[in-house]
1. Could you give every pair whose Cβ atoms fall below 7 Å, whose first residue belongs to region 178-200 and is charged (D, E, K, R), and whose second residue is in a strand (DSSP E or B) and buried (at least 17 other Cβ atoms within 10 Å of the Cβ), counting only separations of at least 6 or pairs across chains?
2. Is it the case that region 98-106 has a residue that's touching a residue at least 60 places away in the same chain (Cβ under 8 Å), charged (D, E, K, R) and within 25 Å of T185 (Cβ to Cβ)?
3. Within region 170-188, restricting attention to residues that are surrounded by 13 or more Cβ atoms within 10 Å (Cβ to Cβ), among the polar types (S, T, N, Q) and not in a loop (DSSP other than H, G, I, E, B), which residue is farthest from the chain's Cα centre (by Cα)?
4. Just the residues that are over 13 Å from the mean Cα position of the chain (by Cα) and within 23 Å of N192 (Cβ to Cβ), please, taken from region 124-153.
5. Residues to consider are E101, E123; find the one that is over 23 Å from P16 (Cα atoms), not basic (K, R) and not in a helix (DSSP H, G or I).
6. Could we say that E101 is over 23 Å from T28 (Cα atoms) and out of contact with any helix residue (DSSP H, G or I) (no Cβ under 8 Å at 6 or more places or on another chain) here?
7. Of all residues in region 36-89 being basic (K, R) and without any contact (Cβ under 8 Å) to a residue 40 or more places away in the chain, which is farthest from I10 (Cα to Cα)?
Amino acid sequence: MSSKSHWEKIYKEKSPHEVSWTQEIPFTSIHFFSDFKIQKDNPIIDVGGGESKFVDYLIDNGYENISVLDISENAINRAKDRIGFRSKFINWIVCDINDFEPEKNYAVWHDRALFHFLTSQTEIDRYVKKVKLNAKNFIIGTFSTLGPKKCSGLDITQYDESSLKKLFVDQSISFNKSENINHITPFETTQNFIFCSFSSKK
């Protein structure tokens, strides 16, 4: 089964309360995002957004230039249905992150739980280059070295602060902060994540 087919099947057959990544309120993402002092019309992208309610927070707080990317059209359609008429103000992108070619530079690139599904060094390097070239600030949330080794039946790549810094920090990118958090799934299991934020020095 292809990656796209896998995720289309998940979002066709399972409700939000039947998948581990669901958050009623994405507190950590909001906390990290609030550190960035950006204008309401600055471009923001949530990659791997799926049915995440991070987009709801952005809309509710007056941000006007929002994109949500996900490989699953079913996930995007479910998010649109939930948000209702306000969904017409969002730029919805159905695309595999490996194939995504950004057409703008984003003030904030947010990724909770997409990056860790990239397991080949080629995919990882491609992603890192893409975010460095196309984002002023970015937030990466992945499973930590204390977290699961699989998700939704797929292998993942675990990270800690050191390994994320090694990938993303260079002469043009600075590290801001990191935090390990325990995500409690809808079925009351615990998954440990690490969130890191970075900013371009340019």
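We did not get these values from a lab; they are worked out from the coordinates using the rules stated. Computed from a prediction, not measured in an experiment: that's the story for all the values here. Every residue, glycine as well, gets a Cβ built from its backbone with ideal geometry; the counts of neighbours run over all protein chains shown.
1. E179/F195
2. At the first step, the residues of region 98-106 found to be touching a residue at least 60 places away in the same chain (Cβ under 8 Å) are 104-106.
Then keep just the ones that are charged (D, E, K, R); that gives 104.
Those still in the list that are within 25 Å of T185 (Cβ to Cβ) too: none.
Looking for residues that are touching a residue at least 60 places away in the same chain (Cβ under 8 Å), charged (D, E, K, R) and within 25 Å of T185 (Cβ to Cβ), one finds none in region 98-106, hence no.
3. Across region 170-188, the extreme among qualifying residues is S174.
4. Passing the criteria: I124, V128, S144, T145, L146, G147, P148, K149, K150, C151, S152, G153.
5. Criteria check complete, one pass: E101.
6. Yes; evaluated as a whole, the condition is true for this residue.
7. K37
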